[in-house]
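Below is one structure; the comments refer to it alone.
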Amino acid sequence: MRSLPYWYLSGFYFFHFAFIGAFAPYWSLYLQSLSFNAFQIGVLMSLLQATRIFAPAAWGWLADHTGKRVFIVQLAAITGLISYCGVFLGESFLWIFVVMLFMSFFWSASLPLIEAITLSHLGNNTDRYGRIRSWGSIGFILAVVGTGYLLDRVEIYWLLWVVLGFKLGIAIFSYQIPEAEITTHSTDDDSVRKICNRPEVRAFLVASLLMLFAHGAYYTFYSIYLVENGYDKGIIGWLWAIGVICEIGIFFFMSCLMRHFCLKQILVFSFVCAIVRFLMIGWGVESLFIIVFAQILHAATYGTHHVAAMIVVHHFFRGRHQAKGQAIYTSIAFGIGGTFGSVFSGYSWEWLGPNITFTVSAIAALLGLSLITWKMKALIIDSNKNE
């Protein structure tokens, strides 16, 4: 087996998700401090997802066309860092919108390509993916807990400097990762459109869109929701961390799960847990026990779903289509699904309230479950073979 750059890949994941750990839970609080309303916050927070509709496809095509996937990651990391620095230069809605739009466009290029690079380095040992990816979860935990306690003691403005540090870490590690060999595959002569038109692929992509739509309210308003119900920022940080701690456990346990269950069964389990989780958050916020249990379910709604989804994408999009496949998944699931989830939650939060908003999230997960159950009968992948 080729030498695996385990620590370089792990370091990139660490800082990439540390950035998310500082940004996703607390950036909405910074925006709230600028006196933006819920709809404006929803629009701004949706930009990270909105740019994933078109940016990953463009970056993925460029990477597969040139064969220089790592160079694209490096370029995106540097330009994303430079773009982010604009947050120090203004506080108007229009200015923050423009800065976040550019930062998100470049930031969205990295993860799909890193996923493709990592899976290429792993070759037939895709069961080791979870252990490398777990370092991203560790970075998220340290960032979300540390930032939560920090913001209980300092002004919210200091969040800008914390995020800057993590963006710098992403840029540094992007220059440590070696390029992976792109192996040929029998599907190389198939068009991407032909692959996407397969019924099981369409069902998987739409179900993934619904799963990310369901998470829109959670990623946009969860911290605000908890603050409004009396939770302090330190506790909020731990609640975010609990979910990711459980996620890490799943990443290490996934290789065992995949020896006993096919990927379709794992996806079904993830969607069932999502339905339960969002109903618990929407209607049980006053109970710390219920909220903690809902966060434990993050291991399934994100952890098992993400690993299974990555392997499904790797199964359908092989050889020269790897980066494009990851980009298509990211564009549809995180881009379209995440964007509509965030924007809808901004509207729903003001007009329907948090309870109904999270109920809609549960309904979206139910629709995704239906697609997985009834439209993906052909998707029975023996993960032990790592086809």
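The values are calculated or read from the model by the stated rules, or taken from the named source; none is laboratory data. Given the structure is predicted, the values throughout are model-derived calculations rather than measurements. Positions of Cβ are generated from backbone atoms using ideal geometry, with glycine treated the same way; all protein chains shown enter the neighbour counts.
Take the residues of region 358-374 that are hydroxyl-bearing (S, T, Y) and more than 20 Å from the chain's Cα centre (by Cα): which is surrounded by the fewest Cβ atoms within 10 Å (Cβ to Cβ)? Reasoning before the result, please.
First pass over region 358-374, keeping only residues hydroxyl-bearing (S, T, Y): 359, 361, 370, 373.
Pick out the ones that are also more than 20 Å from the chain's Cα centre (by Cα) and you get 359, 370, 373.
Details: T359: 19, S370: 14, T373: 16.
Here the residue is S370.
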Query raised in the report: How many residues, within region 40-97, are among the aromatic types (F, W, Y) and outside any helix (DSSP H, G or I)?
Result: 1
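Can you tell me which residues in region 10-34 are part of a helix (DSSP H, G or I) and more than 28 Å from R131 (Cα to Cα)?
Kept after step one, since they are part of a helix (DSSP H, G or I), are these residues of region 10-34: 10-33.
Of everything in region 10-34, those that are part of a helix (DSSP H, G or I) and more than 28 Å from R131 (Cα to Cα) turn out to be W27, S28, L29, Y30, L31, Q32, S33.
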Query - All positions within region 103-161 that are surrounded by 23 or more Cβ atoms within 10 Å (Cβ to Cβ), of a type in the set (A, V, I, L, M, F, W, C) and outside any helix (DSSP H, G or I) - result: A109
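Kindly indicate whether F166 is in contact (Cβ under 8 Å) with a residue 24 or more places away in the chain, farther than 21 Å from G325 by Cβ, among the hydrophobic types (A, V, I, L, M, F, W, C) and surrounded by fewer than 21 Cβ atoms within 10 Å (Cβ to Cβ). Full working, then the answer.
On the way: in contact (Cβ under 8 Å) with a residue 24 or more places away in the chain: yes; farther than 21 Å from G325 by Cβ: yes; among the hydrophobic types (A, V, I, L, M, F, W, C): yes; surrounded by fewer than 21 Cβ atoms within 10 Å (Cβ to Cβ): no.
So F166 does not fit the description; no.
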Query raised in the report: When you scan region 15-34, how many residues do you find that are surrounded by fewer than 24 Cβ atoms within 10 Å (Cβ to Cβ), modelled with pLDDT of 90 or more and among the small types (G, A, S)?
Result: 1
Query raised in the report: Is it the case that some residue within region 343-350 is within 20 Å of the chain's Cα centre (by Cα), farther than 21 Å from N37 by Cα, among the β-branched types (V, I, T) and assigned to a helix (DSSP H, G or I)?
Result: no
Query - Breaking point among (1) more than 20 Å from the chain's Cα centre (by Cα); (2) surrounded by 15 or more Cβ atoms within 10 Å (Cβ to Cβ), for F88 - result: (2)
